[in-house]
Structures are given as C-alpha cells and as structure tokens.
C-alpha cells in the first residue's frame, strides 16, 4: 500500500478515533506519519477546511466566497484565500481585519468567542497599536535597506517607547497592587514599620 | 543562559518524561502542556521575512538572558545543527518535527533536566512546553505558568482581551494551551474495547489519536489524549478536563481490561509477553517499529508482574535509545537502516540480559 501523500510505501496506519463521522484510517509513509503525529491535534489546516465547509453549508454562496478570498490584510498583506489554503494567519491584526469572516470559524472550532483565563500583565494597548508596531518595524527594515540610518534609528526609538509604555502601564499597575498589599499588611500587623 | 549542550552526554540518559515514575506511571507515560505565544511587534511566522525571523530570535534570546532564574538554560541554534542532531532532539520530544525540518533562524531553549523547552520561530514565535513523567498535569501547569510569567516580563505578547493570546492558527487562539497525556493501553487493544472507549469521549472536547505501525502486524498501543478547544475555557478548566475527567476514566478501563486478561487468559497473556521478550533479547536485526511493538508488550508484562527480571526504567530507556538518531549518537557515527537494525538488536540483547556493555554500543 502506498502513502496517501507520496509514492513511498505506507508503513504507518493511523486511526483518528474522534472524527465526527466515526473513526477514519490514514495510511502514511514514515516521514508523513511523523509530520502528521507531531502536530498537536489533527491537522489545523484540515480542521479549518472542515469548519469552513460547514460555514459554506450555512449559506455562503460561491460568489461571496470568491469575493472574500480576495480580501487582504493591510498590515501583513495575507489574503483570505491564502489563510484558507494554509490554515495560518499572517499577523495579530488579522483577528481584527477578518473578524467578521473568522467569527463563524471560531464558533465552529471552539464554540466560544470570548477568551477566559490568563491575561498578560504587559500587553500592547490595542489591535491598532500592535498593527502600528508591525508597520513601524517594516519601515525600519526598509530604511536600513535604503541606508537611511537616521530614519531607522528614529523608528527604533519609537518602537522602544511604545514597548516601554506598555511595560510602564503594567509596572504602574503592579506598584499599585503591591502598595495595596503593603497597606493591608500594615493593617493586620501593627508592629511593622513602613514609610 | 548557556549554549553548549553536549548531545553525546544527553544521549546516555532517557530524559525526564521517560523516567517511568509519577502517578499512574504503569499506564500514563507522560503529561505535556504547551503554550503558544507571539510577539506583538512582528507578523506571524508565515509572513515574516528572513530579517524578521533573525530579529525575533535575537530579541528573544537576549531577553531570555536577562531572566535571572534562567542561568542554567541551554540555548540551541537549530539552524546550525546537523540533521541527526535535529532528529535527536525530536526523538527526545524537545523540539517538534516542524521546527526540525524548517529553514532559517530558529532555536530552542532547554532546561538541564529536560522538563521544559521553549521553541523560537516554530509555527508561533514562541512555543513553551513542559513535560513530566506520569500523570502530573497540575504541577506541569504551575511550572509552565511560571515560565510564561517570566517570559512575559521580558517580551511583549500579542494579546487581545476578546480573543486572548493571538496565534497563527485559529485552533490555538485564546489560552494557546494544549494539554496532552500519553497513555499506554495494550489491554484495551487486546480486548478490542479501545474504539468503544474513545468513541464515548467524542462529545467532550478531547482529541484522541492512536498510532499503529506496519499494518495490523505491529501495534505500539500508545495513545495521546488532548484538549480540542483553547478559547472560552480557563487554563485550569482545560487541565482539569483532561487530567481529572477524561484520563482517570481511561485508566480505569485499562485496569479493568488488564484484570480481565489476568483472570481469564493469564496463560495466553504470559505466553504473549514472554515471547515478546524472547524476540527482543535474541533477534539479530530488528526495525524500530518492531522494537516498539514488542517493548510495548514487555512493558505491560513487567507492570503486571508476569516478567520479573526486567525493570520498567530499562524498558523506558530502550524505547528512546533504540530510535534512529539516538542509536547513531550512542554508536558515535552515521548508520544506514540495515546497520541500524543490527546495532539495535545488539543493544537490546545486551540490555535485556542485564549486561549493558561498558561502552554502550560497541
């Protein structure tokens, strides 16, 4: 038996037991089996294709999809078609730019549209802010390329400032937290002296 | 942070996740958690230029160097490694097959105990993973959460309050968390109950995969259970779904199946595992798939007390040392497939007869 993806003999026979349509068997050569098994779960591209197929059944026409495929992110330049064929987005801003198009997909995959759980203490202020940082970095690379080092160094400073601003906000919040903790510690421990 | 890993020295140890200790370690091989993270000021890997990747690696590496607690961590530049060294790290599960096969600037930070590693420029800019032996997800989560906090104090993550940690693939967005438990379920396979058990898990947001080698002739009996969704549930909930709800049930089924086999067919089972040990300790050439298949049986035999003169730790060590890159590292040079099969048989023979040669492979 040949591998499903190439001409080599299939030496691995993998059964996905949790496919919605019942168990499905894959016949793969060692190389393709390894790359398949080292992915965290199924193949993301395959599960996106599956979810998109469902989305299409929900009413998107061919013409609408063709139009959507042309849509490009202004920050990283990825088209929806490229995302759809690879299963990978191009930059954080895609979550904003393609938000309406990703919503049915995210609902299908996760059955949720709201993050619950850990939040970073430091994070870029907004999607626009993150997009701006990516664009500035691009400009910086272009400036270096065209040997405009003065402009490149200005951009570097600007990027640094933006990152420090995000860090500064987090540190300020942390200081406030620890100040409150100090206060409550003082409340409970009258013997402690603190300035 | 250091950058001088001695792979030959590493090759002589089995690695943390194959220690064969920890809760339920007769059935649970390892507990792994990974977090996907991206930097806010770069495109995702797919849209990165070569300069971007280089810049990400440099930035992350220099920021990691500033983390006090990370002095002992080794940074490995994957791009400069030979193919066999990359394969070696894949076999130890310290890096993914994808990052091993990719091109351009990429690397991995590895702690000296091999409990955690941080891949740089994989599918996401950062992939943090922690691996413990046995069923040990809660402490693995605490450890990875701490590592994430330390990294977060040094870099700026791409994050959005609605969608959480932003990842290249929408299947990871939100927590970016994947919890995976590797299980050894030979009795459920023998009693042909495995599909029934897993089919009952379909509705509860977990993915189960099995690996079969070489048709129906060889089966490794290893299965991986992971959470399917990453958005809309907290990290603690996802850890508890896999570690407290799903896996304990599977363990119970496997134990029942083992009890059944020991009760009704002990002679058959004893015969089966003893033959497996016989083949492993007398074969003159053997492939890695066949080795995996028989080691799986012997492992169950040892855990059920049917084989007494082999230790689980030895079996676990053999699982990793008989893999192609480890075999070549231990041998100290490149070997073709048929030479590997001969070396592998010799290595198994020495270790299963309780006489590991002074020099591992000569």
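The values are calculated or read from the model by the stated rules, or taken from the named source; none is laboratory data. All of these numbers come straight from a predicted model, not from anything done at the bench. Glycine gets a Cβ as well: all are built from the backbone with ideal geometry, and neighbour counts include every protein chain shown.
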Can you confirm whether residue B:109 is crowded, with 22+ Cβ neighbours inside 10 Å and either at negative phi or more than 17 Å from the chain's Cα centre (by Cα) (or both)? yes
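Could you go through the stretch B:166-174 and let me know if any residue there is out of contact with any strand residue (DSSP E or B) (no Cβ under 9 Å at 6 or more places or on another chain), without any contact (Cβ under 8 Å) to a residue 60 or more places away in the chain and more than 10 Å from chain A (Cβ to nearest Cβ).
no
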Tally time: how many residues in the stretch B:278-289 are part of a helix (DSSP H, G or I), at pLDDT 90 or above and either farther than 23 Å from residue B:25 by Cα or in contact with a strand residue (DSSP E or B) (Cβ under 8 Å, 6 or more places away or on another chain) (or both)? 4
Quick one: how many residues across the stretch A:93-124 are surrounded by 20 or more Cβ atoms within 10 Å (Cβ to Cβ), more than 7 Å from chain B (Cβ to nearest Cβ) and touching a residue at least 40 places away in the same chain (Cβ under 8 Å)? 1
Selection from the stretch A:125-159 of residues surrounded by 13 or more Cβ atoms within 10 Å (Cβ to Cβ) and either assigned by TED's automatic domain parsing to the domain that holds residue A:91 or not in a helix (DSSP H, G or I) (or both) yields A:125, A:148
Scope the stretch B:72-96; condition under 20 Å from residue B:133 (Cβ atoms) and in a helix (DSSP H, G or I); matching residues: B:88, B:89, B:90, B:91
Quick count over the stretch B:25-57, residues being closer than 30 Å to residue A:82 by Cβ and within 13 Å of chain A (Cβ to nearest Cβ), is 23
Boolean, residue A:90 is at the interface with chain B (Cβ under 9 Å from one of its Cβ atoms), at pLDDT 90 or above and surrounded by fewer than 16 Cβ atoms within 10 Å (Cβ to Cβ): no
For the stretch B:120-140, enumerate the residues that are in a strand (DSSP E or B) and away from chain A (no Cβ under 12 Å). B:120, B:126, B:128, B:130, B:131, B:132, B:133
